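See below for the structure under consideration.
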Amino acid sequence: MSSPLLPKNYTPSEDEEFMNPVMREYFRQKLLRWRAELLAESSETLSSLQEGGIQEPDIADRASAETDRALELRTRDRERKLISKIDAALERLQDGAYGYCEETGEPISVRRLDARPIATLSLEAQERHERMERTQRDD
């Protein structure tokens, strides 16, 4: 199955047919670029972490280096989770479920998908979700 050519400077709009082949290709390329950027950052982090242990003689410098290292590991973990969400979005693109709210089945707005290409809920469903989480936390 060949992908449709993406017109130069194409941006999806609410005026066109939702999830037409060109729009799907736009989001596929956007997700793949994002994934590649995250993988590149991740390998940079990995190589800097492998450069060796913390050799700072000064205890304050060592503590600072440990904090930096912990932050880098947390960031890397967050990126790993993001990559798995991107992979899931690419699978949804493949099977035709991409762009539709998991809760309502309604199309997710193109603006929301452009801002957050891994979104699985429409804005309304997401807000409902967050309200429910807040009320459960308050209990």
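The values are calculated or read from the model by the stated rules, or taken from the named source; none is laboratory data. If you're wondering where the values come from, they're calculated on a predicted model, not measured in any experiment. When we count neighbours, we look across all protein chains shown, and the Cβ atoms used for this are built from the backbone with ideal geometry, even at glycine. These area figures cover heavy atoms from the full protein model, side chains too; ligands, DNA and RNA do not enter into them. Shrake-Rupley method; radii C 1.70, N 1.55, O 1.52, S 1.80 Å.
When Lys85, Lys81, Lys30 are checked against the criterion of being modelled with pLDDT of 85 or more and closer than 17 Å to Pro12 by Cβ, a single residue qualifies: Lys30.
Report whether or not Leu123 is loosely packed, with under 15 Cβ neighbours inside 10 Å and touching a helix residue (DSSP H, G or I) at 6+ places or on another chain (Cβ under 6 Å). Yes, satisfied.
Please work out if Arg80 is open to solvent by 50 Å² or more (accessible area, probe 1.4 Å) and either over 20 Å from Phe27 (Cα atoms) or not aromatic (Phe, Trp, Tyr) (or both).
Values: open to solvent by 50 Å² or more (accessible area, probe 1.4 Å): yes; either over 20 Å from Phe27 (Cα atoms) or not aromatic (Phe, Trp, Tyr) (or both): yes.
Here the answer is yes, as Arg80 does meet what is asked.
One residue stands out in region 88-124 among those that are touching a strand residue (DSSP E or B) at 6+ places or on another chain (Cβ under 8 Å) and small (Gly, Ala, Ser): the one that is modelled with the highest pLDDT, namely Gly99.
Taking region 33-60 as the range and being open to solvent by 80 Å² or more (accessible area, probe 1.4 Å) and either among the β-branched types (Val, Ile, Thr) or modelled with pLDDT under 80 (or both) as the test, the residues that pass are Glu44, Gln50, Glu51, Gln55, Pro57, Ile59. Within region 91-115, being among the β-branched types (Val, Ile, Thr) and not in a helix (DSSP H, G or I) holds for Thr104, Ile108.
Sub-7 Å Cβ pairs linking a first residue in region 23-35 that is closer than 16 Å to Arg116 by Cβ to a second residue that is among the β-branched types (Val, Ile, Thr) and open to solvent by less than 30 Å² (accessible area, probe 1.4 Å), at least 6 apart or interchain, are Leu31/Ile86; Trp34/Ile86; Arg35/Ile83; Arg35/Ile86, ordered by first then second residue. Among the residues making up region 93-109, those that are within 15 Å of Leu31 (Cβ to Cβ) and surrounded by 17 or more Cβ atoms within 10 Å (Cβ to Cβ) are Leu93, Tyr98, Gly99, Ile108. Within region 61-70, not a single residue is at pLDDT below 90, open to solvent by less than 50 Å² (accessible area, probe 1.4 Å) and not hydrophobic (A, V, I, L, M, F, W, C).
Would you confirm, using the coordinates I've provided, whether Glu130 is open to solvent by 70 Å² or more (accessible area, probe 1.4 Å) and free of Cβ contacts under 8 Å to residues at least 12 places away in the same chain?
Working: open to solvent by 70 Å² or more (accessible area, probe 1.4 Å): yes; free of Cβ contacts under 8 Å to residues at least 12 places away in the same chain: yes.
Yes; evaluated as a whole, the condition is true for this residue.
The residues listed here are Ala115, Ala63, Ala89, Ala70; of these, the one that is under 22 Å from Glu16 (Cα atoms) and in the same structural domain as Lys30 (by the TED database) is Ala89.
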